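The values are calculated or read from the model by the stated rules, or taken from the named source; none is laboratory data. Keep in mind that what you see is a predicted model, and the values were worked out from it rather than measured. So basically every Cβ, Gly included, is an ideal-geometry build from the backbone, and we count neighbours across all protein chains shown.
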Amino acid sequence: MDTSALDIPALLVMLVVTAVITAAIALAGRGDNRRNRWLGALGVTVVLMALGLIDLLRESPRETHLATVFIGIPLPVLGAVATRAITRPLKHAWVRWLCVFLVTFVLLLSGLLIGAAIAPRFLPS
């Protein structure tokens, strides 16, 4: 009987998704072209939302609201773009990307919780 309050597979998936978002923003943000940065953010958002929707729609009795995907993915991506822009003056790149990673992780967790718990109260199911 598993009595742990920590779901290790879910935590690992969140860490991987956070790393993917951070890496995509880093790759798209090379140079000073803002359009590439936003296109990279849009691309990672669309891909992750598609994966999330496929995962949710495969469930036969759907227990999770679709708002989880529509709120839980764009929030950390936009947060990663904003954190990248805010941390531009930092000297060390590893500190900058650590900040982006940590903010993205917190926003991913927050967005998924908001999408799963709060948004369904205001949206039809």
Quiz item: Failed condition for Glu63, given (1) within 23 Å of Ala10 (Cβ to Cβ); (2) part of a helix (DSSP H, G or I); (3) over 14 Å from the mean Cα position of the chain (by Cα), with all others met?
Solution: (2)
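Conditions tested, residue by residue: (1) within 19 Å of Ala82 (Cβ to Cβ); (2) exposed (fewer than 11 other Cβ atoms within 10 Å of the Cβ).
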| position | (1), (2) |
| --- | --- |
| Met14 | no, no |
| Thr22 | yes, no |
| Ala26 | yes, no |
| Gly31 | yes, yes |
| Val44 | yes, no |
| Val47 | no, no |
| Thr64 | no, no |
Quiz item: Within the bounds of segment 28-36, is there any residue that is outside any loop (DSSP other than H, G, I, E, B) and at pLDDT 90 or above?
Solution: no
Quiz prompt | Considering residues of segment 66-110 that are under 16 Å from Val13 (Cα atoms) and of a type in the set (S, T, N, Q) only, the residue surrounded by the most Cβ atoms within 10 Å (Cβ to Cβ) | solution = Thr104
Practice problem: Could you grab the pairs with beta carbons closer than 8 Å, sequence gap of 6+ or different chains, first residue in segment 85-96 and without any contact (Cβ under 8 Å) to a residue 40 or more places away in the chain, second one not in a loop (DSSP other than H, G, I, E, B)? | Solution: Thr87/Val95; Thr87/Arg96; Thr87/Cys99; Thr87/Val100; Arg88/Arg96; Leu90/Arg96; Leu90/Cys99; Arg96/Arg84
Exercise. Those residues that are under 17 Å from Leu113 (Cβ atoms) and either in contact with a Pro (Cβ under 9 Å, 6 or more places away or on another chain) or in a helix (DSSP H, G or I) (or both), I need them from segment 70-101; list them, please.
Key: Phe70, Ile71, Gly72, Pro74, Leu75, Pro76, Val77, Leu78, Gly79
Quiz item: Right, Arg30: out of contact with any Ser or Thr (no Cβ under 9 Å at 6 or more places or on another chain), free of Cβ contacts under 8 Å to residues at least 12 places away in the same chain and closer than 18 Å to Arg96 by Cβ or not?
Solution: yes
Quiz prompt | Only one of Ile54, Ile21 that is closer than 15 Å to Leu107 by Cα, in a helix (DSSP H, G or I) and not polar (S, T, N, Q) | solution = Ile21
Quiz item: Given (1) out of contact with any Gly (no Cβ under 9 Å at 6 or more places or on another chain); (2) under 23 Å from Arg34 (Cβ atoms); (3) among the hydrophobic types (A, V, I, L, M, F, W, C), where does Leu75 come up short, assuming only one miss?
Solution: (1)
